[in-house]
Amino acid sequence: MPGIFVRIFFTWLLLFMIIQPLLGHIDYVLQVVVKSNAEYAAQKTAPAGMLTQDVRTAVLDNLEAAGFNRNSIQLTSNTSSPLSRGEEITIEIRSPRLPMFAYKFTNDNIPTSYLGKAYTTSEYIP
Amino acid sequence: MDKVFYIISTVFILVMGWLLQEEFQSWDQQRQLLKNANNQAVHTALQNADDFNEGLIDLSPTATQATYLKALKKNLGLDDQLTPKSGSPARSTIRLIHFEVIDSYDHTFPFVFEDQNYHITKYLRGPAVFAVIEMDYPLLMNRPRPAPIRVPSIFEYAIAS
């Protein structure tokens with residue numbers, strides 16, 4: 001009789017313990033992709049002083065290649081016109097997050113989006 | 001009894017694997033955070049160059065370092081001792097272990113800059129700022145602490161030809 005209990009509970013425990021790190025790792029890798037793309041966009045943005053269409057397209061292409069839906073990505077910047085040299089440019093990327101847990105044991109709210117935020121200083125000289 | 005040992009050892013191995021995975025991920029995350037922050041700070045420090053006297057780009061070492069530290073502190077949410085404030089993504093205190101301004105007074109450009117200690121090489125076409133920061137390895141389990149995370153960054157002021 002105890003053998004049945006062990007088998008029922010242990011199998012489930014084992015399944016969770018194998019699935020959870022895998023989910024965690026996928027979640028982590030996607031977060032890294034979002035963050036590094038925000039940094040990439042910030043570095044590319046500095047010479048022009050603003051987020052240009054070329055950089056925007058390149059970032060969306062990168063994220064789409066990593067499996068994100070292009071239309072669900074929010075790519076924003078603090079400016080729509082070139083900032084002059086020495087001013088700060090902010091780039092922010094938000095995209096929907098995968099479910100992080102195979103089973104939710106608590107009622108805590110889980111973050112629903114990945115956030116990548118990067119700063120750079122404008123190099124633009126009009 | 002064998003069954004109990006089997007269950008305990010399986011759970012133990014899986015938990016250890018999971019914890020190590022989390023630890024390596026957080027190492028990687030912290031390293032990327034430091035690298036990006038250092039890149040951003042050396043870039044900002046170089047924008048300090050605004051004296052184009054006699055066609056030379058003049059970088060004052062003290063003013064450049066002050067701008068560098070200000071940018072680093074703002075980006076990572078650090079206090080004056082470079083210790084993370086609450087809410088900062090950095091795990092522990094950051095140490096600035098090397099800061100160097102390479103300008104037109106001491107060097108003739110272009111040349112190949114190489115630092116054997118911090119393993120960085122770059123072909124420099126103009127004045128540059130070079131900084132190295134360090135942070136303790138972020139441990140999750142109690143074990144001997146591996147080598148600290150150390151990131152060098154360099155940024156040059158080159159005029160496109």
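The values are calculated or read from the model by the stated rules, or taken from the named source; none is laboratory data. Nothing here was measured: the structure is a model prediction, and the numbers come from that model. For neighbour counting, all protein chains shown are included, and Cβ atoms are generated from backbone atoms with ideal geometry for every residue, glycine included. Quick note on the areas: whole protein, heavy atoms, side chains included, nothing else; ligands and nucleic acids left out. Shrake-Rupley method; radii C 1.70, N 1.55, O 1.52, S 1.80 Å.
Key figures for this structure:
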quantity: Selection status of A:Ala46, more than 16 Å from the chain's Cα centre (by Cα), within 12 Å of chain B (Cβ to nearest Cβ), buried (at least 17 other Cβ atoms within 10 Å of the Cβ) and of a type outside the set (Lys, Arg); calculated: yes
quantity: Residue in the stretch B:102-125 that is part of a strand (DSSP E or B), basic (Lys, Arg) and more than 30 Å from B:Leu19 (Cβ to Cβ) present; calculated: yes
quantity: Evaluation of A:His25 against (1) within 10 Å of another protein chain (Cβ to nearest Cβ); (2) touching a residue at least 24 places away in the same chain (Cβ under 8 Å); (3) open to solvent by 50 Å² or more (accessible area, probe 1.4 Å) (one fails), failing number; calculated: (2)
quantity: Long-range neighbours under 7 Å by Cβ, at least six apart or interchain, first residue free of Cβ contacts under 8 Å to residues at least 40 places away in the same chain within the stretch A:112-126, second β-branched (Val, Ile, Thr); calculated: none
quantity: Residues of the stretch A:84-126 satisfying the condition of being in a loop (DSSP other than H, G, I, E, B) and either of a type in the set (Ser, Thr, Tyr) or touching a strand residue (DSSP E or B) at 6+ places or on another chain (Cβ under 6 Å) (or both); calculated: A:Ser84, A:Arg97, A:Tyr103, A:Thr106, A:Thr112, A:Ser122, A:Tyr124
quantity: Among (1) closer than 24 Å to A:Glu123 by Cβ; (2) open to solvent by 60 Å² or more (accessible area, probe 1.4 Å) - the single one B:Arg150 does not satisfy; calculated: (1)
quantity: Matching residues in the stretch B:23-45 - criterion: being more than 15 Å from B:Ala66 (Cα to Cα), at the interface with chain A (Cβ under 8 Å from one of its Cβ atoms) and buried (at least 17 other Cβ atoms within 10 Å of the Cβ); calculated: B:Gln25, B:Gln29, B:Asn36, B:Asn39
quantity: Flag for A:Leu63 being surrounded by 18 or more Cβ atoms within 10 Å (Cβ to Cβ), out of contact with any Cys (no Cβ under 6 Å at 6 or more places or on another chain), in a loop (DSSP other than H, G, I, E, B) and more than 11 Å from chain B (Cβ to nearest Cβ); calculated: no
